[in-house]
1. Which residues, taken from the stretch 105-123, are modelled with pLDDT of 80 or more and of a type outside the set (A, V, I, L, M)?
2. On the given criteria, is Q314 in a loop (DSSP other than H, G, I, E, B), under 27 Å from D186 (Cβ atoms) and not β-branched (V, I, T)?
3. State all residues of the stretch 149-183 that are without any contact (Cβ under 8 Å) to a residue 12 or more places away in the chain and part of a loop (DSSP other than H, G, I, E, B); if no residue qualifies, say none.
4. On the basis of being under 21 Å from K309 (Cα atoms) and open to solvent by 20 Å² or more (accessible area, probe 1.4 Å), does V174 make the cut?
5. Looking only at the stretch 301-316, filter to residues that are in contact with an Asp or Glu (Cβ under 9 Å, 6 or more places away or on another chain) and within 22 Å of F237 (Cβ to Cβ); which one of those is modelled with the lowest pLDDT?
6. Can you pull out every residue in the stretch 285-332 that is of a type in the set (G, A, S) and either open to solvent by less than 50 Å² (accessible area, probe 1.4 Å) or in contact with a Leu (Cβ under 8 Å, 6 or more places away or on another chain) (or both)?
7. Considering only residues of the stretch 333-349 that are basic (K, R) and surrounded by 10 or more Cβ atoms within 10 Å (Cβ to Cβ), which is modelled with the highest pLDDT?
8. Could you say whether any residue in the stretch 69-91 is of a type in the set (A, V, I, L, M, F, W, C), under 28 Å from V174 (Cα atoms) and at pLDDT 65 or above?
Amino acid sequence: MARQPGQKIDKGGEIKLFGAIADSLRQTPAYLLVFGVILFTYLYCTATLVMVADKEAANLRTYSLFGLLFETFMVAVIVVLLEGQKARRSEIVDLRKRAAEDEKRIDELQEAMDSADRSDINIGNEPARKCLAAVIKDVRDALNFDNRSFHAEVVYKLDDFRRSSARWADGILVTDAGDYERILRDFYGNALHSVFATSNEGYMDFWASRERAGQVIRAHRAAFEARGTTVVRVFVFSSIDQVTGDYLRVIQEHAGHGFIRTRIFFADENGNPAFNEHLTNDFVIIDQGRPSQAIGITSSFEPGLMGAKWVFDQDSKIERTSQWIVSGSISVSDLEARMARREAPRPTD
């Protein structure tokens, strides 16, 4: 475009252009060499055309020089392409290096987050701390999956866990059919000093199972052999008429173990409305009067639905109930004598 009268020349733009070219040549020395060769060849061709007087010779030399210029240009193109590939390879190497650095940084951040989880979980019980830290990590990983229904289910399960943990904070543990017997055996096996347990009519079906009853007896034996833990088990019946021959054999088997003091209680012979509510449900007192005391109350005896509530605190009413039951109970020998009299044929007139 022709410059209009009075139009100023944009010297700044030209300077910026030459500056950009010079900067590019400084960054890639090979380009500077190519540029120099092309410029030299062009100047040499121009000088030859001017200096040679012979027209024919000048034309011939011109063709040769333009051929040389073309070859130089092709070499320049090849050099530029090779340099471009080299630059791209260098770029790929840099990208891989940065990716490795980013991956390392991500690992460091993850480790820092895990470390923060570990330090935030200030729990003296190491297995509990590790378990809770693993739960937090698993929940964080689970929420990385972009599915709203999945997130909602995770939150639902966490809220159910929160409700359970709220009861734990109050010193309450609720067990169901899935873990009732396992937890009961665990309490028996870990008792430090003593076990007091009632066993009413509804629980006699449990003792009829040799395998299940044997597991409980073995837990008692392990505690006795390890720490001298003794057991008082009181079989509770509404009346002596409810004691069958099979029930008597179960009671005698318990009495045969030196670490189980076996007693029998009849509700109709020991009326006390203040304690009657605890006669319908079995209950257990582990290590009564000690810091490790635990009280378990069975909530259901139905097969497959057995459950219990454990309380890790004092309960004066249940403790008094246990004393009342023991004081009103009879020995196994007394039971055998009374049942013998009951079964004995009555004299006829």
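1. Our first condition is that a residue be modelled with pLDDT of 80 or more; within the stretch 105-123, this holds for 105-106.
Result: R105, single match.
2. On the way: in a loop (DSSP other than H, G, I, E, B): yes; under 27 Å from D186 (Cβ atoms): yes; not β-branched (V, I, T): yes.
So Q314 fits the description; yes.
3. Of the residues in the stretch 149-183, the ones without any contact (Cβ under 8 Å) to a residue 12 or more places away in the chain are 149-153, 155-157, 159-170, 178-179, 182.
Once the filter is applied, which keeps residues that are without any contact (Cβ under 8 Å) to a residue 12 or more places away in the chain and part of a loop (DSSP other than H, G, I, E, B), the stretch 149-183 yields D170, G178, D179.
4. Values: under 21 Å from K309 (Cα atoms): yes; open to solvent by 20 Å² or more (accessible area, probe 1.4 Å): yes.
Against the criterion (under 21 Å from K309 (Cα atoms) and open to solvent by 20 Å² or more (accessible area, probe 1.4 Å)), V174 qualifies.
5. Per the criteria, the residue is P303.
6. Let us first name the residues in the stretch 285-332 that are of a type in the set (G, A, S), namely 289, 292, 294, 296, 299-300, 304, 307-308, 316, 322, 327-329, 331.
Result: S292, A294, G296, S300, G307, A308, S322, G328, S329, S331.
7. Keep residues of the stretch 333-349 that are basic (K, R), which gives 338, 341-342, 346.
Retained after the next criterion (residues that are surrounded by 10 or more Cβ atoms within 10 Å (Cβ to Cβ)): 338, 342.
Numbers: R338: 91, R342: 78.
Among residues in the stretch 333-349 that are basic (K, R) and surrounded by 10 or more Cβ atoms within 10 Å (Cβ to Cβ), the one modelled with the highest pLDDT is R338.
8. The initial filter retains those residues of the stretch 69-91 that are of a type in the set (A, V, I, L, M, F, W, C), namely 69-70, 73-82, 87.
Applying the additional criterion that residues be under 28 Å from V174 (Cα atoms) yields none.
Scanning the stretch 69-91, I find no residue that is of a type in the set (A, V, I, L, M, F, W, C), under 28 Å from V174 (Cα atoms) and at pLDDT 65 or above, so the answer is no.
The values are calculated or read from the model by the stated rules, or taken from the named source; none is laboratory data. What you see is a predicted model, and the numbers here were worked out from it, not measured in a lab. Cβ coordinates were reconstructed from backbone atoms using ideal geometry, including for glycine residues, and neighbour counts include every protein chain displayed. The protein model used for the area step is the full one, side chains on, heavy atoms only, and it has no ligands, DNA or RNA in it. Shrake-Rupley method; radii C 1.70, N 1.55, O 1.52, S 1.80 Å.
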